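Read-outs throughout are calculated quantities, based only on the coordinates presented, and are distinct from any laboratory measurement. If you're wondering where the values come from, they're calculated on a predicted model, not measured in any experiment. Note that each Cβ is placed from the backbone with ideal geometry, even for glycine, and that neighbours are counted across all protein chains shown.
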Amino acid sequence: MSATGIGASVRRKEDQRFITGKGHYTDDISRPGQAAIYFIRSPHAHARIKKIDAKAASTMPGVAAVFTGAQFAEDKLGNLICGWTVHSKDGSPMKMAPHPAIAAGKANHVGDAVAVVIADTLAQAKDAAEKVVVDYEVLPAVVDPGKAAGKGAPLIHEAAPNNTIYNWHLGDPDATNTAIKNAKHVTRLEFINNRLVPNAMEPRAALAEYDAGSGNLTLWNTSQNPHVARLVIAAFIGMAPEHKLRVIAPDVGGGFGSKIFIYPEEVVCLWAARKLGRPVKWTAERSESFVTDAHGRDHITKAQMAFDADGKITALKVHTTANLGAYMSTFSSAVPTFLYATLLSGQYEIPHIYCEVDAVYTNTVPVDAYRGAGRPEATFVVERMVEVSARELGVDPADLRRKNFVRSFPYQTSVASLYDAGDYNASLQKALALHDYKGFGKRKRDSERHGKLRGIGFATYIEACGVAPSALAGQLGCGVGLWESAEVRVNPTGSVEILTGSHAHGQGHETTFAQLVADRLGVPIDQVSVVHGDTDKVQFGMGTYGSRSGAVGMSAIAKALDKVEAKAKKIAAHLLEAAEADIVFKDGKFTVAGTDKSAAFGEVALGAYVAHKFPTSEIEPGLKEGAFYDPTNFTFPAGCHICEVEIDPDTGESTIVGWTAVDDFGTVINPMIVEGQVHGGVAQGVGQALLEHTVYDDKGQLVTGSYMDYAMPRADNLPSFKVNTTMTKCPSNPLGIKGCGEAGAIAAPAAVMNAITNAIGTEAINMPATPAAVWAVLHKAGRAA
Amino acid sequence: MAAVSLTVNGKPVTADVDPRTLLVQLLREHLRLTGTHVGCDTSQCGACVVHVDGKAVKACTVLALQLDGANVLSIEGLAGDGPLHPMQEAFREHHGLQCGYCTPGMIMTAVDIVRRKGRDLDERTIREELEGNICRCTGYHNIVKAIAAGARAMPASAAAKATE
């Protein structure tokens, strides 16, 4: 392994601009003549829009225009869409209600845009917005997913009776029910997977510009997938033909899924920019983000896990109600179905599984993928059930897991997933040792001597990422393929540019992708640059989410590098006057086998462009190759996280006193970056388990609407982490990469809640296990002060 | 509109501003110094931290007009045209950033922690001192390492004296 190749903890090239404040985030960009846009949003969760009076506002200083939903509708653009069609048990397609970019007849959640003010400055736009009078007829709202489909719940969309989007299922109900009936032991549990607000630190933003001379539209946008945004806005919303729309995602300050989706704001900015003939810029304020960024999770689940007399799991039955919010966001249908139920086998051999998911509309912010997207929910179900089962059976939780692990691969689960390769016991054993599991008893007694409770919890998770084989995705209802693209451009002077369809919003691609090239071509890493995020520069790519940039994005680069190497060999053969079959490429040099005749990569690159020394009728000049890579399977990272927690019974406060993560991510390109992904994912999972709570009151008001009330994890809420890896190579892609971006967020909530429930001695507590919640449980049980 | 005169990164600045203008808006919009970021609207996230007269201040929570005669240092001024500040180097060396959005505020806060708490910072102190800076990407593990290392690498003149 070289200092800059695969497996090296190369320090990041992109850091230079970030540590000096010279990044280019969307709000940093301004265009001449630009106007500011301010969105007027419904303060009601459910209300008919009777009248909007913008007369006074329109005449205020600096105001260019005030537009309502009715005016937007006059231009007959398409609605925002959900691009993944899921079908109900009865074969009917999901009930996707219309989602216009500006609400016209009815506002369906607090935050739903009803009008916009465009002015020279944001201050002028906000001053004018205060003068816009919106006459609402307030309607009753429903926010509880458990009540949305019930009798008496107000109907949100005509297209969806009983506010039901779909009733979906996966697995064999009869075999599962029979296994449960005949079980020696059945564990039964109900839990809530709490709604989260993603809160990337950079608020969403959009800057749209129209060039009247060419008819071209340009959009700068905080997107994780600019080409997908371009496709949806062009083809589905009909804003412009695809080739007349350029989408640029510059530096993006975190995404976590929330910046995948196509939102109303960028659509309205484009529309307004063309209408007014000047650039229009929008940046969310944080409290605006809270009511517009897609939220995550929000499941109510009942589960049953059946065991035989030997402690082997024989069945798992799950029913989930999934809250998708007021409208179906771009990816929303797939998260509680194909990204959830297919992971319910966990790391275990479970012969019979049946999962039903009812998805409902409520008068809340739309819900969609958020770091882990369905897999944290699945892991929470499986890992809480297994841990509780161990307690009920009187078996050590590590032993019960070990007894039920899948050991032989490939393994076909009973929920469609085909696990390719893994060694779950290896990560478990390593984690137990690193954590000093054996010493827990003594640490617990020490805690008790100080009046504290202490608990330990496991999460041996598996997840499916590296999305996804295109044909399979299509069969499951996805409207697009999930391959990735790359172009490797070797320049005459030997430097290399990678144009990738992936996008980086914190993952360090400018470094890791360059490491791959440096490793393969022997080019110094500072001679390699990565270009992404601009639909004018880079061919169509599907973007970054689902931990796919390594497994899918880098595989596309590897394929393109194969082609570059093959062509370079042909050219080198001519330059070295040898047969192509005798050319060996190693460490950046082409050598004639068995001789000392060689040419450096740079020489061959120059030779390719000078094109003097080879027959251009047989070999085209230049050295530039592209590839599209379609995965042949999902990848299946897996591992073991152990959380140890100490609880002060007087205050209910939980302190995480130890965290050990041992993950199998397959091939690791940059260990430092991979560890950073685990740290960040675990932090978000801890946030879900201990701190973050998205609270709606019964009128649909978002009570936790800013950082004053929504508790973001801070440095003193978290410990340092012990992070390590085991490795089984992924057999389905050329680099053997499984992906690492979401694993921490997937494993952590279950590990934390297993630890807390272990400490307090009851399962009757939901996330977030805030000090108040823990104290209340202990108080009820008579164990608090 | 009202006038304000101050020094920003060593250069004199005069601006005519709407009285509601925050320091962070003055920096980002009037002076095109976009390294100071806005991450929230309740003064909690710390992405906007700069130094005013040598002390860390959240630029979203002070009006530009309050700073007549003040000396403001933003992330762009920390290294200026010269070599990187040891704290900046430490963030790169220890992978203390991912998306980079919270980073300028983190670095400015970190330099101020050293000024107040000295160069020998333990983990607990750093974590507590970072309560006013939120990061969504890193989980703080490497930020803590970076700040400890950056503090050690800073010159004695930048740090609190033992007697303070």
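Relative to the longest principal axis of the Cα atoms of chain B, the long axis of helix B:141-153 lies at roughly 90 degrees. In this structure, the residue pairs whose Cα-Cα separation is over 22 Å, taken from A:LYS722/B:LYS145; A:LYS244/A:LYS275; A:LYS589/A:LYS738; B:LYS11/B:LYS55; B:LYS55/B:LYS117, are A:LYS589/A:LYS738.
Between A:VAL406 and A:TYR348, A:GLU349, the built amide H atoms are under 5 Å apart, and every one of these is 5 or more places off in sequence or on another chain.
A dipole drawn for the protein assembly as shown from +1 and -1 charges on Cβ atoms has a positive end, and of A:TYR38, B:PHE91, A:HIS319 the residue lying farthest that way is A:HIS319. Computed over chain B with a Gaussian network model linking Cα atoms closer than 10 Å, the most mobile of B:LYS11, B:LYS117, B:LYS58 is B:LYS11.
On a 28 Å Cα-Cα criterion, which of the cross-link pairs A:LYS563/A:LYS729; A:LYS181/A:LYS780; A:LYS317/A:LYS438; A:LYS131/B:LYS58; A:LYS559/A:LYS729; A:LYS55/B:LYS58 come out too long? The pairs that break the limit, which is 28 Å between Cα atoms, are A:LYS181/A:LYS780; A:LYS317/A:LYS438; A:LYS131/B:LYS58; A:LYS55/B:LYS58.
In the protein assembly as shown, taking the dipole from charged Cβ atoms about the Cα centre, the farthest positive-side position among A:MET96, B:LEU130, A:MET767 is held by A:MET767.
For A:THR726, the residues 5 or more places off, or on other chains, whose built amide H falls under 5 Å of its own are A:ASP663, A:ASP664, A:PHE665. Rounded to the nearest 20, the size of the Cβ-charge dipole of the protein assembly as shown about its Cα centre is 700 debye, with Lys and Arg at +1 and Asp and Glu at -1.
Residue by residue along A:704-715, Cβ atoms of other protein chains within 10 Å of the local Cβ number 5 on average. In this structure the amide hydrogen of A:ARG454, modeled in the peptide plane, comes within under 5 Å of the amide hydrogens of A:ILE647, none closer than 5 places in sequence on its chain. Straight-line reach from A:LYS312: taking Cα to Cα under 16 Å and skipping same-chain neighbours fewer than 8 places apart, the aspartates and glutamates in range are A:GLU349, A:GLU383, A:GLU387, A:GLU392, A:ASP396, A:ASP399. Can you give me the relative contact order of the range A:193-268 as a percent, contacts being Cα pairs under 8 Å and 6 or more apart? Across the range A:193-268, relative contact order equals 37 percent.
The spacing between the range A:1-41 and the range A:455-518, judged by their C-alpha centroids, is 19 Å. Summarised as an ellipsoid, chain A has semi-axes of 42, 39, 23 Å, derived from the eigenvalues of the Cα gyration tensor scaled by 5 and square-rooted, with the largest first. Membrane-span-like helices in chain A (whole DSSP H runs, Cα extent of at least 27 Å along the helix axis, mean Kyte-Doolittle hydropathy of at least -0.5): A:555-575. Taking the charge dipole of the range A:681-737 about its Cα centre, with +1 at Lys and Arg Cβ atoms and -1 at Asp and Glu Cβ atoms, the residue from A:ALA689, A:LEU718, A:ASN733 reaching farthest to the positive side is A:ASN733. For B:GLU128, A:GLU692, the sequence from fewest to most other C-beta atoms within 10 Å is B:GLU128, A:GLU692.
Using a simple spin-label model with pseudo-atoms 7 Å out from Cα toward Cβ, A:HIS612 and A:ASP308 lie 7.7 nm apart.
Counting DSSP beta bridges with both partners in the protein assembly as shown, what percentage is antiparallel, nearest 5? Just about 80 percent of them are antiparallel. Distance from the alpha carbon centroid of the range A:618-691 to that of the range B:71-88 works out to 33 angstrom.
With the gyration tensor restricted to C-alpha atoms of the range B:86-158, the semi-axes of the equivalent ellipsoid amount to 18, 13, 10 Å, longest first. Can you give me the angle between helix B:103-117 and the longest principal axis of chain B, using Cα atoms only, in degrees from 0 to 90, rounded to the nearest 10? Approximately 70 degrees, to the nearest 10. Per residue of peptide A:676-689, the mean number of Cβ atoms on other chains within 10 Å of the residue Cβ is 4. Averaging the sequence gap over all C-alpha pairs within less than 8 Å and six or more residues apart, then dividing by the number of residues, gives the range B:2-79 a relative contact order of 40 percent. Here the relative contact order of chain A, from alpha carbon pairs under 8 Å that lie six or more residues apart, stands at 15 percent. Helical runs (DSSP H, four residues minimum) scored at -39500 (n - 2.57) apiece and divided by the length of the protein assembly as shown put the mean residue ellipticity at 222 nm at -8000 deg cm²/dmol.
Computed from the C-beta positions of A:ASP144 and A:LYS244 and an R0 of 51 Å, the FRET efficiency is 0.70 to the nearest 0.05.
Shown for A:ASP582, A:ASP135: other C-beta atoms within 10 Å of each C-beta, ranked fewest to most, produce the order A:ASP135, A:ASP582. Listing A:TRP282, A:TRP168 from fewest to most neighbouring C-beta atoms within 10 Å gives A:TRP168, A:TRP282. In terms of the mean number of neighbouring beta-carbon atoms within 10 Å, the peptides A:732-743, A:526-537 order highest first as A:732-743, A:526-537. Could you tell me the center-to-center distance, by alpha carbons, between the range A:698-740 and the range B:94-129 in angstrom? Answer, in whole Å: 21. For A:LYS452, the aspartates and glutamates whose Cα falls under 18 Å of its own Cα, not counting residues fewer than eight places away in the same chain, are A:GLU644, A:GLU646, A:ASP648, A:ASP650, A:GLU653. The string of couplings for the range A:239-255 from the Karplus curve (6.51, -1.76, 1.60, θ = phi - 60°) is 5, 6, x, 4, 6, 9, 10, 10, 10, 10, 9, x, 4, 10, x, x, x Hz, one whole number per residue in order, with x for Gly and Pro.
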